[in-house]
1. Which value in nm describes the separation of the simple spin-label points at Lys199 and Cys228, placed 7 Å from the Cα toward the beta carbon?
2. Could you go through the range 170-179 in sequence order and give the Karplus-derived ³J(HN,Hα) for each residue, using 6.51 cos²θ - 1.76 cosθ + 1.60 with θ = phi - 60°, rounded to whole Hz, and x for Gly and Pro?
3. Which sequence of Arg122, Arg158 reflects their accessible areas, 1.4 Å probe, from the largest down?
4. Please compute the net charge surrounding Glu107, taking Lys and Arg as +1 and Asp and Glu as -1 over other residues with Cβ under 13 Å from its Cβ.
5. Given Lys76/Lys112; Lys51/Lys146; Lys118/Lys146; Lys118/Lys147; Lys102/Lys132, which pairs have Cα atoms separated by over 29 Å?
6. Taking 0.36 nm per residue of separation and subtracting the Cα-Cα distance, what length does fully extending Asn75 through Ile113 add?
7. Given points 7 Å out from each Cα along the Cα-Cβ axis, report the Cys220 to Glu168 separation in nanometres with one decimal.
8. Amide H to amide H, which residues 5 or more places from Thr172 or on other chains are under 5 Å from it, using H placed in the peptide plane?
Amino acid sequence: MNSNNELLDKVKTELEMLDGNNPNGQSFLKDIINSMFEGELVSQVTCLECKNVSERTEPFLDLSLEFPDRYQITNKNSRIAEDMCHVTVEIDFLSRGEMLAKFTDEESLEGKIYQCDKCNSRRNDKKGSTTKTTIYTEAKKRLLVKKLPHVLRLHLKRFRWSGRLHREKINTHVAFNDVIDMKPFCDLTSLDEYGYEYKLHSVIMHHGKGFGCGHYTAFCWNQEAGNCIIWI
């Protein structure tokens, strides 16, 4: 469940309706959401045979962060953690975060299942080679942020599978800083012209136990009042 995306979809639809009613036929509103919230991820797959790295980019409107494995119900995890989880924490003056680190951690693919373009082209280019057998290799993959948006939205995936058809809420407290440094989670080959730090502006909280029930409240910083305003 992601009410943030539902809200953005509704706002986008209404903006498109306003654009459609524009007598001049000019579009001023339809790109507001994308220009404000859209960033870009890069998926990197590294072949362990030839060390070639292939990349694929995709846009995002928010980053959906999973809780670490110790909070998940699995065959290997007999005791579910209840201690505090962190989006990011400061260690040695650098941002390190359980949830953001899990999102960008390198992951090994199981077995030789990756079809590496470089390995296959190199084999097929050999003189006298008549075989066209596809080569599969071991590989690692990871996600990094390639382009940061003006406004960064983090979605915490608070519902876990506790059975084949049942999901339950993870009620663990999650800690976060007022200022978050995204640099450790970015592809630094694409330097960001706007910087990497974000200041916390608002938090949306889900109240209720079920996946399909409950309600939301929003805590938003008001610059003029100098404090947070609660929206129910």
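The values are calculated or read from the model by the stated rules, or taken from the named source; none is laboratory data. Treat the numbers as computed from the prediction; the structure is a model and nothing was measured. Positions of Cβ are backbone-derived with ideal geometry, glycine not excepted, and every protein chain shown enters the neighbour counts. For the accessible areas, the whole protein counts, side chains as well, though only heavy atoms, and no ligand, DNA or RNA atoms are used. Shrake-Rupley method; radii C 1.70, N 1.55, O 1.52, S 1.80 Å.
1. Inter-label distance under the simple model: 1.6 nm.
2. 3J(HN,Hα) across the range 170-179, in whole Hz: 8, 8, 4, 5, 10, 9, 8, 8, 5, 10.
3. Reading off the accessible areas and sorting them downward yields Arg122, Arg158.
4. Details: positive: Lys102, Lys140, Lys141, Arg142; negative: Glu66, Asp69, Asp105, Glu106, Glu110, Glu138.
Spelling it out: positives minus negatives among the neighbours equals -2.
5. Numbers: Lys76/Lys112 24 Å; Lys51/Lys146 21 Å; Lys118/Lys146 23 Å; Lys118/Lys147 27 Å; Lys102/Lys132 38 Å.
Result: Lys102/Lys132 exceed 29 Å.
6. Working: separation 38, 0.36 × 38 = 13.68 nm, distance 2.45 nm.
In short, 11.2 nm is gained.
7. Those two pseudo-labels are separated by 3.5 nm.
8. Residues meeting the amide H criterion: none.
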